[in-house]
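A.B. asks: My questions will all concern the structure given below.
The values are calculated or read from the model by the stated rules, or taken from the named source; none is laboratory data. What you see is a predicted model; the values in this text were computed from it and never measured. Here the Cβ is made from the backbone with ideal geometry for all residues, glycine too, and neighbour counts use every protein chain on show. Heavy atoms of the whole protein, side chains included, go into the accessibility calculation; ligands, DNA and RNA do not. Shrake-Rupley method; radii C 1.70, N 1.55, O 1.52, S 1.80 Å.
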Amino acid sequence: MSSILGTYARKDISFEEGKGSYLFTNTGEKYLDFVQGIATNILGHCHEHLVNTIKKQSEKLWHTSNAFVISEQEKLAKRLTEKTFADFVCFQNSGTEATEASIKIARKYFHKIGKPEKNRIITFQGAFHGRTLAALFAANNPKHTEGFGPKVDGFDQVPFADHEAIKKAISDKTAAIMIETIMGEGGIKTVPDYCLKGLRDLCDEKNILLILDEVQSAYRTGDFFAFEKSGIVPDIVPIAKGIGGGFPLGACLVTKKVSAGMTPGTHGSTFGGNPLAMAVGNAVLDVILEKDFFKSVKKKGEYFDQGLKKIKEKHPNIIEEIRGVGLIKGLKMSVNNDEFIKRLMSHKMLTIKASENVIRLFPPLTVKNEELDESFTKMEKVCQEMS
Ligand SMILES: *Cc1c(COP(=O)(O)O)cnc(C)c1O
């Protein structure tokens, strides 16, 4: 019997090694891995530059403290702010900490400008913002919150895509609207650009902040963030998962205006932004910022789309809808998603489910077209089996 607290329904398989798009078991079986640590190993397993970076940094310095200047942290923050909407970054260890930091920053801003009553956040049904108490009750998914009361107050939830409900939920106490640009656990549902624009306008009109949770979508769409193609500028953006390439790393990005309340002592983390994590975060950016890298992600995303569409056209009774952007994709299934995932696994391909009977596909950004082809062959086989 395992001595690990039973909070996971694990698959009975374990991996010894990973390389790029593949995972290997201890008996040498090879799996095409489109889970990639749930969208974390954004450059695949054991990317050479990441391996070398962590080797080098581990011999130099692991951890100091945020009581001192951390040069790799300064560097990563500078790069992220130079390339994105943000003026400041605060580093965390996970996605849920990044979303919590976002909530704190939003509330503190209104406290700072003399409107402390503005402290409530509008969130959406089906959302996922992490597993700490505030993040749990922000998303308010009964499957996750049951038994963990008392409820953390301060969130007003509305149905996804219900524009009227959003308007109705806004009051003098609303500080922010928080939404995932691409709802991940909720089933890879992309907020359309016109909705993002509408949200931005609404926030401006009502003097509230827009928090876009890009913990799952950052770096994956062929831009830094999924919201970029809409042209809007959010106020606060929590990111994590892929930005550490598989190393635990989260961050909260914020504009200068909204950062006003976050003065020394208002927030902190023992590990957040330590030299080891920062070295890896910088190494991920080294690769992503290479010329035409994002362009290649868009191209591969397009290629992936075309292939998935062909399978869907052949098997309209199996695949209902293709969702997602770039290399964050979801298939809404007509057949049971668990069954499809199980069968794919027997064909040596790993995927992971989401709500709404969706299967999520997270190829690494370094994926080759031949590997995408291989995934099409495997998915095609399972479609045939289930037809
Ligand atoms: C995974 C996820 C989180 C939580 O991240 P953890 O690193 O698991 O704490 C928060 N928001 C979104 C959108 C996520 O996908």
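A.B. asks: Criterion first (away from the ligand (no atom under 16 Å from the Cβ), farther than 30 Å from PHE137 by Cβ and open to solvent by 90 Å² or more (accessible area, probe 1.4 Å)) does GLU17 satisfy it?
C.D. replies: Yes, satisfied.
A.B. asks: Here is a follow-up. Taking region 345-383, which residues are assigned to a helix (DSSP H, G or I) and within 17 Å of GLU320 (Cβ to Cβ)?
C.D. replies: Here is the first cut: in region 345-383, the residues assigned to a helix (DSSP H, G or I) are 345-346, 369-383.
Of everything in region 345-383, those that are assigned to a helix (DSSP H, G or I) and within 17 Å of GLU320 (Cβ to Cβ) turn out to be MET379, GLU380, VAL382, CYS383.
A.B. asks: Taking only pairs six or more apart or across chains, which ones have beta-carbon atoms under 8 Å, a first residue in region 116-134 that is free of Cβ contacts under 8 Å to residues at least 40 places away in the same chain, and a second residue that is open to solvent by 40 Å² or more (accessible area, probe 1.4 Å) and within 11 Å of the ligand (Cβ to nearest atom)?
C.D. replies: Within 8 Å, the pairs are THR132/GLU97; THR132/GLU100; ALA134/GLU100.
A.B. asks: Please specify each residue of region 324-339 satisfying the condition of being crowded, with 22+ Cβ neighbours inside 10 Å and touching a Ser or Thr at 6+ places or on another chain (Cβ under 8 Å).
C.D. replies: Scanning region 324-339 gives GLY324, GLY326, LEU327, ILE328.
A.B. asks: Hey, can you tell me all the residues within region 293-336 that are closer than 14 Å to GLU385 by Cα and part of a helix (DSSP H, G or I)?
C.D. replies: ILE311, LYS314
A.B. asks: Going through region 145-170 one residue at a time, which ones are more than 15 Å from the ligand (Cβ to nearest atom), part of a loop (DSSP other than H, G, I, E, B) and under 23 Å from VAL191 (Cα atoms)?
C.D. replies: Those that are more than 15 Å from the ligand (Cβ to nearest atom), part of a loop (DSSP other than H, G, I, E, B) and under 23 Å from VAL191 (Cα atoms): PRO159, ALA161, ASP162, ILE170.
A.B. asks: I'd like to check something: does region 188-196 contain any residue that is at pLDDT 95 or above, over 19 Å from the mean Cα position of the chain (by Cα) and more than 14 Å from the ligand (Cβ to nearest atom)?
C.D. replies: We begin by selecting, within region 188-196, every residue at pLDDT 95 or above; these are 188-196.
Narrowing the set further to residues that are over 19 Å from the mean Cα position of the chain (by Cα) leaves 194-195.
Narrowing the set further to residues that are more than 14 Å from the ligand (Cβ to nearest atom) leaves 194-195.
Yes, that holds for at least one residue.
A.B. asks: Still on this structure: Looking only at region 173-191, decide whether some residue is touching a Leu at 6+ places or on another chain (Cβ under 8 Å), under 26 Å from TYR303 (Cβ atoms) and not hydrophobic (A, V, I, L, M, F, W, C).
C.D. replies: yes
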